[in-house]
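Engineer: Would you mind keeping the following structure in view while I ask a few things?
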Ligand SMILES: [Zn+2]
């Protein structure tokens, strides 16, 4: 593992966050791409937009329990380097001049061109991770973790330019999971969705695991969409390889090759109709029935760029 010499374990995010008195709960399933003010799905008062760094202003999809002093704002401003929340563009521009963070407060474990992934410890960088969870809640319908971040590790995907490594997405993992979940929560910013970053994060999770693993359930609608694509791609690759090489293949073989649990493999085979049972007296067999995974945005971890020993 490469350790960033600048990682002092300090909390890069400066917000002293505390739970709002009554956190609202998002129940809206349809994910809108535009917002009006006030947004009909968000209880008033609550911000309706996030201005993240220099990105276009983004509508909030699900209400998040931002501190009360921000609840009345139409737009909340967020530094995409340290994830500090601010109430106005003036404060945000002043902060930009003085923000010392150039990347998330953790070890860089992966780099491929402008893409980096940092491992951030929820215990060492509590404020940063709490701010990250509030950001994630704005775009996830099922997320419930906001403040108890210490038992978790956060894997933050950034895109670099001359000013630093800017937040694009992340996944979290419990350091010790009794249920052996290998991923708790995953999110990419709306602007970066459908570009394969979610699959890259999932592939990171699977690339160094020596045991079968599964994400925590229930998955958010975004997480499920991401996993459906990833699982379909890797299971299809197993089926196609076996078909091309005329090799026998079992569900256990697929589990071993993909590090997926049996339940997840069977779910994926059923979802894509790759299991057939033509004769009741015969066992199920695999079929490569179209449509095949059409996702052309497959991003996969380049193993030689990864410097990471899983926790
Ligand atoms: Zn900052």
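The values are calculated or read from the model by the stated rules, or taken from the named source; none is laboratory data. Because the structure is predicted, anything quoted here is derived from the model rather than measured. With ideal geometry, Cβ positions are generated from the backbone for all residues, glycine too; neighbour counts draw on all protein chains shown.
Yes or no, residue by residue, for (1) away from the ligand (no atom under 14 Å from the Cβ); (2) buried (at least 16 other Cβ atoms within 10 Å of the Cβ); (3) touching a residue at least 60 places away in the same chain (Cβ under 8 Å):
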| site | (1), (2), (3) |
| --- | --- |
| 58 | yes, yes, yes |
| 62 | yes, yes, yes |
| 65 | yes, yes, yes |
| 68 | yes, no, no |
| 75 | yes, yes, no |
| 85 | no, yes, yes |
| 88 | yes, no, no |
| 92 | no, yes, no |
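Engineer: Could you give every pair whose Cβ atoms fall below 6 Å, whose first residue belongs to the range 95-121 and is over 12 Å from residue 204 (Cα atoms) and touching a residue at least 60 places away in the same chain (Cβ under 8 Å), and whose second residue is near the ligand (Cβ under 10 Å from one of its atoms) and assigned to a loop (DSSP other than H, G, I, E, B), counting only separations of at least 6 or pairs across chains?
Structural biologist: From the range 95-121, the pairs are 101/12; 101/81; 101/82; 105/12.
Engineer: Find the residue count for the range 125-140, including only residues that are more than 14 Å from residue 82 (Cα to Cα) and either touching a strand residue (DSSP E or B) at 6+ places or on another chain (Cβ under 7 Å) or modelled with pLDDT of 95 or more (or both).
Structural biologist: Of the residues in that region, 4 qualify.
Engineer: Could you grab me the full set of residues in the range 105-151 that are out of contact with any helix residue (DSSP H, G or I) (no Cβ under 7 Å at 6 or more places or on another chain), part of a loop (DSSP other than H, G, I, E, B) and within 16 Å of the ligand (Cβ to nearest atom)?
Structural biologist: Within the range 105-151, 106, 125 meet the criteria.
Engineer: Here is a follow-up. Tell me, which strands (runs of 3 or more DSSP E) wholly within the range 159-260 include 2 or more residues that are under 12 Å from the mean Cα position of the chain (by Cα)?
Structural biologist: So the answer is 164-174, 185-188.
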